[in-house]
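One structure is given here, and the rest of the page talks about it.
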Amino acid sequence: MQQRDFDIVIVGGGGAGLRAAIGAAEHAKEHKTPQRIALLSKVYPMRSHTVAAEGGAAAVTSAEDSHQAHFDDTVSGGDWLVEQGVVDYFVHHAYQELVQMERWGCPWSRKDDGQVQVRRFGGMKTARTWFAADKTGFHMLHTLFQTSLKYPEIERFDEYFVLDLAVHEGAVIGVIALQVATGELTLLRAKAVILATGGAGRLFRFNTNAGIVTGDGMAMAYRHGVALRDMEFVQYHPTGLPGSGILITEACRGEGGILLNKDGYRYLQDYGLGPETPLGKPENKYMELGPRDKLSQAFWQEQQAGRTGKFGDSDVVYLDLRHLGEKYILERLPFICELAKSYINVDPVKEPIPIRPAVHYTMGGIETDPLCETSIAGLYAAGECASVGLHGANRLGSNSLTELLVFGRLAGEQASKRAAQTEWADTRLLEAQAERQQATLARLCDGEGSGESWVELKHAMVQAMESGCGIYRTEEGMRHSLETMRQLRERYAKIRVNDTSKIFNTELLECIELGYGLDIAEASCLGALERRESRGAHQRLDEGMQKRDDVNYLKHSQVFYQGEAPAELRWQDVDVRFSAPAERAYGDAGKGGKV
Amino acid sequence: MSTEQITTKSVSTNNTSIKHISVKRYLPDSSAEAYWQQYEMPVDDSTSLLDALNHIKEQLDSTLSYRWSCRMAICGSCGVMVNGIPKLGCKTFLRDYEGEIRIEPLSHFPVQRDLVVDMEIFLEHLAAVKPYLIDDNPVKPYDPKAPETYQQTPEQLARYKQFANCINCGLCYSACPQFGLNPEFLGPAALTLAHRYNLDSRDHGKKQRMTELNRHEGVWSCTFVGFCSQVCPKHVDPAAAVNQGKVEAAKHTLIALFKG
Amino acid sequence: MHKSSSQRLPPLKRNWWLKHRFFKLYMLREATVLPLVFFTLCLLAGMVALLQGADSWQGWIAFMGSPIVLLLNLLALAASLFHAATFFVLFPRVMPLRIAGHSLPDKAIVAGQWAGVVAVALLFFWLLGRA
């Protein structure tokens, strides 16, 4: 068993993890306290799911825009279930982070005069989304990865799968990881640990997410007693490709694309987003530039009314870009063209793209304070895995890429600060925890289990999440999903892995990921069932629960792990210090209002 | 807006057939020898090679190992040899193949297991060329309190943009016989990335990178076979970048000569 | 960054290029040099013959007129044209030309190169006609 000591260990090599690593390194340098930083990732960092983000990153940029406007959009976009102090910090630090990316070489798209170009995005009052064509996440991730190579103090552990956090007396003391190539356990002792492991979109059958987005970090923190917060809020992106769920960016609509039902009618005007804006003249917060939750909900309504078309087995509506012209489409949305052509054989220059909503983003996650620290001392979380309180009940497109920069850096700096004042724990404490891990692995590989296949369990999980926790939810559906998760957790305790090889055993990893997934799926179902109102991405069809209920539910849900027993839920007050809850309105209805 | 019924052609999902896929297996902890294993499965027009591998993993043989993640040709994980040609599994469709389909791990890399190769040397080559913006004496240093971007016109961006689209999938290394002959050759992707920064109007690191580029294992090992550009799934054209790099390296040598 | 002593594979065998059509075509392009070497040697021999005197020169003329040498030199011509064609296509990728901030289309550069070939050939024939 390999054992190494680091000041800071970062789990996850996507945007937030890389930004945290660089942030920590810079902070240590500035304060002349040399620190060693380990960056673990279960894949090579440039494979991380940040790579698939397309549309852009938001920050107040133009002279007409204001921090207040970005704050208002984010708060109302999140249906007031956001931590307003956190949003305030976020909007004030967004711009400097995007400029920092530019200084590191990120190829942002430009205006003729050499300034950075911005585009429109859903739910945002003005154009404030920086972009690099329609591969913004790709360019950001590669820029961060390449920049991280400048720092010799960052040591990468590529393809190391983290099995558990080591925690002693309420403080994190390291992590236990599996080297995928060899199957050997590795103990990393640390003074601070940052989780940057991404979301949990793969809990659902139909999603835009990469195969690695399995919520590992969420489950690890949760199992050690950290609350998972607001897990019932799962974002359906309105435009995924039928069949695969591959993401078709919101930027298509930001650039002027329109949504049509099978009759060629711009149905969004019937759902409080109108009146219809002229073709090729998109207007912020109107029609196609409404927020994602509203658009996905409108799809569901059209589907119920029988006004959706068919593509293969899927019900679809259509995203029409043709009026933008070939030159503009190829300049602004080249990746979309490539994807549509490759995966559904449709050329967006010539035909409308059939699309349907797909699970895209986990608004909730590991509860942290405004400085990214969890309830375990020295354990931080940033990016999609965290619930710092930015997104509330619905995330606005292009806020998450900025989030991973702003809070990745903050988490890195905070971890560096802590590491400078903390000592390593006794190695024997880690070793004891590693032994328990070894026993768990042994049970999976050669235990006396029923031998039930993980594949069956996984399919049951994603099916139940989709049917019970979809765009619209019912008491009965959610209750059934919750029950299913509890049964699946019991069955999971008895599964066994066929592959007993030590070398690159991906079956073992899938099984461990499934275990993580089942735990957080239970938390998600429990939060959904207990939230007896409709807010943002959580919409109920049940009588008396179809509206927002600020009296009882202007509260974060917190779910706590209870081992084999059912998880427990508590409610937590929301920080509404700047903006009192108001009606959330778009289109003409939103005109003149506070938002 | 006209309200006419929209119809789009559909990638048929009912055009099902049975296909055979042969996969080169290598399980070092049970046998030192690689062997071929054949799988049979139903496919339709939308089935990608990655879908097929996932089908094998979940339904037929859970011991098959391979890398994958985004399944939309942007993460660069799932490169394999398909009938001898390097391809991304997620961007390869079985409908395009008649007869036998033979899947092997990427050429020119050591195989760890089944379709998984050791990419470490690729990452070392990447890091060697200083693939990050170098501007040691900026006109205006970055200040978080008064952040200011560089200026860069769309024309200046266009000069390097194509070369910034590399997803590090490694297909070009499997296509490059020079890398196969000498793994110390920095190779197409690393040299392209170096060239990308050299072309960036914000960068001043060309001189530093030249020590790596302008040597035998740098640009001069390339003989312009050009297969790297043929197999590149993102049309980055690494062969062009490497050979533009030769021109730059030659200029660098000449200038150094005259300066003494 | 942490540098591992990563593994290395043994280098490819000498016959690597036989495995793929693309590589065979590449080797063909490289092999165009062989008939060109023959042609260059012929020219060199001609110069030497010229220096040696009339007999030698007549011998060289006869040698150049023999069917097998003619055939080989025709082959050299074809090879050089093939090489030129492949090279001209590669050229715009290696030396993208820019005029007033706009890059010249590849086709124009290729056409320009062929125009150059024709111009040089015409000049040559003109000089030959005057002599």
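The values are calculated or read from the model by the stated rules, or taken from the named source; none is laboratory data. These figures come from a predicted structure and were not determined experimentally. Please note: Cβ atoms are built from the backbone with ideal geometry, for glycine as well, and neighbour counts cover all protein chains shown. Only protein heavy atoms, including side chains, enter the accessible area calculation; ligands, DNA and RNA are left aside. Shrake-Rupley method; radii C 1.70, N 1.55, O 1.52, S 1.80 Å.
Return, ordered by residue number, the residues of region A:479-510 whose backbone nitrogen is under 20 Å from a label point located 7 Å along Cα→Cβ of A:S467.
Within reach of a label on A:S467, which here means backbone N under 20 Å from a point 7 Å along Cα→Cβ, region A:479-510 contributes A:479-492.
Of the cross-linked pairs B:K87/B:K206; A:K150/A:K417; A:K111/A:K350; B:K57/B:K91, which ones have a Cα-Cα span greater than 23 Å in the structure shown?
Checking Cα-Cα distances, B:K87/B:K206; A:K111/A:K350 exceed 23 Å.
For C:R14, A:R532, give the ranking by accessible area with the largest first, probe 1.4 Å. Each step should come with its number before you reach the end.
On the way: C:R14 225, A:R532 70 Å².
Descending accessible area places them as C:R14, A:R532.
Return the lysines within reach of A:K555: Cα separation strictly under 18 angstrom, same-chain partners fewer than 8 residues apart disregarded; answer none if there are no such residues.
Within the straight-line limit of under 18 Å, A:K555 reaches these lysines: A:K547.
Using the crude model of +1 on Lys and Arg Cβ and -1 on Asp and Glu Cβ, and no other charge, please compute the dipole size for chain B relative to its Cα centre, in debye to 20.
Values: 27 positive and 29 negative charges, 172 e Å.
For chain B, the charge dipole is close to 820 debye.
I'd like to know which of A:L401, A:V349, A:C372 lies farthest towards the positive end of the charge dipole of region A:339-413, counting +1 on Cβ of Lys and Arg and -1 on Cβ of Asp and Glu.
A:V349
From the P(r) of chain A, could you give the percentage of C-alpha pairs in the tail past 49 Å?
Distances greater than 49 Å cover 7 percent of the Cα pairs.
Pull up the cross-link candidates among the lysines for C:K24, meaning alpha carbon to alpha carbon under 17 Å and not fewer than 8 places away within one chain.
Within the straight-line cut-off, C:K24 pairs with C:K13.
Assuming 0.36 nm per residue, please report the length gained on full extension of the stretch C:V120 to C:A31 beyond their Cα-Cα distance.
29.6 nm
Alpha carbon centre of region A:373-387 versus region B:180-228: separation in Å?
Measuring centre to centre over Cα atoms gives 40 Å.
Which of the three applies to chain C, rounded, prolate or oblate, going by the alpha-carbon gyration tensor with a ≥ b ≥ c and a/c under 1.5 meaning rounded? All intermediate terms of the calculation are to be shown ahead of the outcome.
Numbers: a/c = 2.80, a/b = 1.45, b/c = 1.93.
Verdict is oblate for chain C.
Looking at chain B only, what percent of DSSP beta bridges run antiparallel? Nearest 5 please. Display every interim value, and only then the final one.
Details: 18 of 21 bridges.
If we restrict to bridges inside chain B, about 85 percent are antiparallel.
Summing -39500 (n - 2.57) over the DSSP H runs of n ≥ 4 in the protein assembly as shown and dividing by its residue number, what mean residue ellipticity at 222 nm do you reach, to the nearest 500 deg cm²/dmol?
Helices in the protein assembly as shown give a 222 nm mean residue ellipticity of -12500 deg cm²/dmol.
For chain B, which cysteines have no second Cys with its Cβ under 4.7 Å from theirs?
Lone cysteines by the Cβ rule: B:C78, B:C90, B:C166, B:C169, B:C176, B:C222, B:C232.
Compare the Cα positions of A:I520, A:P566, A:S534 along the charge dipole of region A:517-572 (+1 at Cβ of Lys, Arg; -1 at Cβ of Asp, Glu; about the Cα centre) and return the one farthest towards the positive end.
The listed residue farthest towards the positive side: A:S534.
Can you give the longest run of chain B that contains no trypsin sites (Lys or Arg not before Pro) sitting in a DSSP loop with at most 11 other Cβ atoms inside 10 Å?
Formally, the longest exposed-site-free interval is B:10-144.
Which residue, chosen from A:A585, B:T253, B:Q162, occupies the Cα position most advanced towards the positive end of the dipole of the protein assembly as shown, where the dipole is computed from +1 (Lys, Arg) and -1 (Asp, Glu) charges on Cβ about the Cα centre?
Of the listed residues, the answer is B:T253.
If region B:17-117 were replaced by its equivalent ellipsoid, with semi-axes equal to the square roots of 5 times the Cα gyration tensor eigenvalues, what would those be, largest first, whole Å? Walk me through the numbers before you get to the answer.
On the way: eigenvalues 79, 49, 32 Å².
For region B:17-117, the semi-axes come out at 20, 16, 13 Å.
Sort A:S387, B:S201 by accessible area with a 1.4 Å probe, largest first.
B:S201, A:S387
For region A:242-262 and region A:103-118, compute the distance between their C-alpha centroids and round to whole Å.
Region A:242-262 and region A:103-118 have Cα centres spaced 25 Å from each other.
What size of dipole, in debye to the nearest 20, comes out for region A:252-307 about its Cα centre when the only charges are +1 on Lys and Arg C-beta atoms and -1 on Asp and Glu C-beta atoms? Each step should come with its number before you reach the end.
On the way: 8 positive and 8 negative charges, 14 e Å.
Taking the Cα centre of region A:252-307 as origin, the dipole is about 60 debye.
List the aspartates and glutamates whose Cα sits under 14 Å from the Cα of A:K327, skipping any in the same chain fewer than 8 residues away.
A:E255, A:D347
In terms of modelled amide H atoms, which long-range or inter-chain residues lie less than 5 Å from the amide H of A:I173?
A:A166, A:V167, A:H168
For chain C, which DSSP H helices look membrane-span-like by this rule: Cα extent along the axis of 20 Å or more and mean Kyte-Doolittle of at least 1.0?
Answer set is C:33-52, C:67-94, C:106-130.
Starting from the 7 Å offset along Cα-to-Cβ, what nm value, one decimal, do you get for the label separation of A:D575 and B:I255?
5.1
Of the trypsin sites (Lys or Arg not before Pro) in region A:535-595, which ones lie in a loop per DSSP and count no more than 16 other C-beta atoms within 10 Å?
In loop regions of region A:535-595 (DSSP not H, G, I, E or B), the sparsely surrounded trypsin sites (Lys or Arg not before Pro) are A:K547, A:R577, A:K591, A:K594.
Only sites in a loop by DSSP and with at most 15 other Cβ atoms within 10 Å count here; which trypsin sites (Lys or Arg not before Pro) in region C:54-131 make the cut? Write out the running numbers ahead of the final one.
Values: sites: C:R93, C:R98, C:K107, C:R130; in loops: none.
Of the trypsin sites (Lys or Arg not before Pro), not one in the loops of region C:54-131 has a Cβ with at most 15 other Cβ atoms within 10 Å.
Quick one: if you take sqrt(5λ) for each eigenvalue of the C-alpha gyration tensor of region A:241-359, what semi-axes come out, biggest first, whole angstrom?
20, 18, 12
Normalise the Cα radius of gyration of chain B by 2.2 N^0.38 Å (N = residues in it) and let me know the number.
After normalising by residue count via 2.2 N^0.38 Å, the value is 1.23.
Out of the trypsin sites (Lys or Arg not before Pro) in region A:1-72, which ones are loop residues according to DSSP with at most 11 other C-beta atoms within 10 Å? Provide the component values of the computation, followed by the final result.
On the way: sites: A:R4, A:R19, A:K29, A:K32, A:R36, A:K42, A:R47; in loops: A:K32, A:R36, A:K42.
Hits after loop and neighbour filter: A:K32.
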